[in-house]
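The values are calculated or read from the model by the stated rules, or taken from the named source; none is laboratory data. Values in this document were obtained by computation on a predicted structure and should not be read as measured data. For neighbour counting, all protein chains shown are included, and Cβ atoms are generated from backbone atoms with ideal geometry for every residue, glycine included. Just the protein is used for accessible areas: all its heavy atoms, side chains included, with ligands, DNA and RNA removed. Shrake-Rupley method; radii C 1.70, N 1.55, O 1.52, S 1.80 Å.
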Amino acid sequence: MADLHVRKRNRALVLGTLRTGAPLSKAEIGRRLGLSVPTITEILGEFEADGVVTAVGQGPSSGGRRPMLYGLRTHALRAVGVSVDPDRITAVVSDLSGEISTEAARAIDLADGDRAFVDALASVVDHVLTADATERLAGIGIAVPTMMRRSQKGRFTPLGHPHWKDVDLLAVLGERYGLPIVTENRAHAVGVGEYLFGAGRGTPDLLCLMLGSGLGAAILAGGELFTGGDGGAGALGRLLLEAPGRGDARSAPTVGGRVGADGIAGTAADRLRATGRETHRGVPVTELDIDHVIDAAVDGDALMTEVLADVGRILGAVVATTLCVTDSDLVLLCGQTMRAGPLIVQPLRDALESWYPFALPRLRVGQLGVHAGPLGAAALVLTNLVREEPLPGREANR
């Protein structure tokens, strides 16, 4: 299994190198990646057979025979990418350049149960497959809002919905469409999408935070997605804000509970009640949501601005802690919450400058919006960048 992972990693690295645009020789690819020419020759031969790579001409001689140069046929291979949000499924058909040929979306409510979810998922994928005339598809990548454990391969049950039965995504999609299926966590897919096609292009060592209903993260090191032994790397929302008492540790407050959409709205409601108010801009505090908070803060509301500033400070502490492990060159901030922009980014930056003792990374807001997840999911199929099995010793019933 280790050899298979190394092979997939090398294939992904070669694709990533060729994605820089300029045609390259085997020797130059090997030099950049630290791989032998025979290894590069074997990988390029496989890609040529698949129609993904082609010889584009000869390069200048350095004293011997002129080397053959290779480039990507980016439109030759496509994949379906699907991103599942708590309230929506988005699907695209994309090629290796990130060009979307067709897309579809459908509103969902995960509380409707697993059967309704499967029906909605199939309808969205059916739509893009019907609309796109491409015959050659590498597979379907699907990103979901929970960690995809390698020891429970392809099985999806959203957090907070105990009435669900596990959905075996590999079986459901594989049997219906007869294509290879790759499953991944949504934050991981967003990080890959932004790295290949968005704000993270050209930065192989990055940390991508995904703010939505909670907090997830993707860690890329050397251009490779790091998922950990069982797929759980990046679950930063589970970090505790304080040490648990003697009782159940699961009752302790978490980062995700504070910086997720419901947590932000709850904090805003609590602070309004503390000032004696039960409504805000005509909205009862019990009905506040993340959009109310951001809209009011953007309009200059001091209390809502401070709520978002606290989110930034918490994220600053999380990023500072995580960077002590990853030392990433770039931190990307993604998700719908980040439409708040500098109202979160500046307090985060200030906190990071106070707490992080090393050279500060760059901070950027993601560029791809709702397309980051599905583009990343498609790219995970096209680049073979996902570890499909747990590391030895990881048990399924843990």
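Ignoring ligands, DNA and RNA, what percent of the accessible area of the chain is carbon or sulfur (1.4 Å)? It would help to have the intermediate numbers written out before the result.
On the way: 9150 of 18220 Å².
Carbon and sulfur together cover 50 percent of it.
With Rg and Dmax of the Cα atoms in Å in mind, check (i) 21.1, 65; (ii) 22.5, 64; (iii) 22.4, 82 and report the label derived from this structure.
(iii)
Mind checking which lysines have their C-alpha under 25 Å from Lys26, skipping anything on the same chain fewer than 8 residues away?
Leaving aside lysines fewer than 8 places away in the same chain, those within reach of Lys26 are Lys8.
Please name whichever of Thr383, Thr337, Val172 sits farthest to the positive end of the charge dipole of the chain, dipole taken about the Cα centre and charges placed at Cβ: Lys and Arg +1, Asp and Glu -1.
Thr383
Local charge sum around Glu278 (other residues, Cβ-Cβ under 13 Å, Lys/Arg +1, Asp/Glu -1)?
+2
I'd like the Karplus ³J(HN,Hα) series for region 157-173: coefficients 6.51, -1.76, 1.60, θ = phi - 60°, whole numbers in Hz, and an x wherever there's a Gly or Pro.
9, x, 4, x, 10, x, 6, 5, 9, 3, 9, 7, 5, 5, 6, 4, 7
How far, in nm, would the chain grow between Ala55 and Val370 when pulled straight, counting 0.36 nm per residue and subtracting the alpha carbon separation? Mind dumping the intermediate values first?
On the way: separation 315, 0.36 × 315 = 113.40 nm, distance 3.51 nm.
Full extension of this stretch gives 109.9 nm more.
Assigning unit charges at the beta carbon (Lys, Arg +1; Asp, Glu -1) and nothing else, what dipole magnitude in debye, to the nearest 20, does the chain show about its Cα centre?
Around 1140 debye, computed over the chain.
Taking a 1.4 Å probe, which of Trp164, Trp355 shows the most accessible area, and what order do the others take after it?
Working: Trp164 15, Trp355 140 Å².
The ranking, largest first, comes out as Trp355, Trp164.
Rolling a 1.4 Å sphere over the protein heavy atoms, what is the accessible area per residue of the chain, to the nearest Å²? Show your work: numbers first, answer last.
Values: 18220 Å² over 398 residues.
Computed with neighbouring chains in place, this is 46 Å² per residue.
State the extension gain, in nm to one decimal, for the chain segment bounded by Ser354 and Glu287, taking 0.36 nm per residue of separation less the distance between their alpha-carbons. Don't jump to the answer; show the numbers that get you there.
Details: separation 67, 0.36 × 67 = 24.12 nm, distance 3.56 nm.
Difference between extended and current length: 20.6 nm.
Hey, what number do you get for the chain at 222 nm if only DSSP H runs of n ≥ 4 count, each worth -39500 (n - 2.57), divided across all residues, to the nearest 500?
Numbers: 12 runs with 157 residues, N = 398.
Rounded to the nearest 500, the figure is -12500 deg cm²/dmol.
Suppose the chain between Leu303 and Ser101 were pulled fully straight at 0.36 nm per residue; how much longer would it get relative to their current alpha carbon spacing?
Numbers: separation 202, 0.36 × 202 = 72.72 nm, distance 4.38 nm.
Length difference between fully extended and current span is 68.3 nm.
Could you report the accessible area of Val37 in Å², rounded to 10, computed with a 1.4 Å probe on the protein chains as they sit in the structure?
Estimated to the nearest 10 Å², Val37 gives 70 Å².
If R₀ is 45 angstrom, what is the calculated FRET efficiency for the pair Ala274 and Asp329, using the beta carbon separation as r and rounding to 0.05? Write out the running numbers ahead of the final one.
Values: r = 41 Å, r/R0 = 0.91.
Efficiency for this residue pair is about 0.65.
Please compute the contact order of the chain in relative form: average sequence separation of alpha-carbon pairs under 8 Å and at least six residues apart, divided by the residue count, as a percent. Can you show the working numbers first?
Details: 781 pairs, mean separation 75.3, N = 398.
Dividing the mean separation by the residue count of the chain yields 19 percent.
With +1 on each Lys and Arg Cβ and -1 on each Asp and Glu Cβ, how big is the dipole of region 40-188 about its Cα centre, in debye rounded to the nearest 20? Can you show the working numbers first?
Values: 15 positive and 20 negative charges, 92 e Å.
About 440 debye.
Quick one: check the C-alpha center-to-center distance for region 174-227 versus region 306-351, whole angstrom.
18 Å
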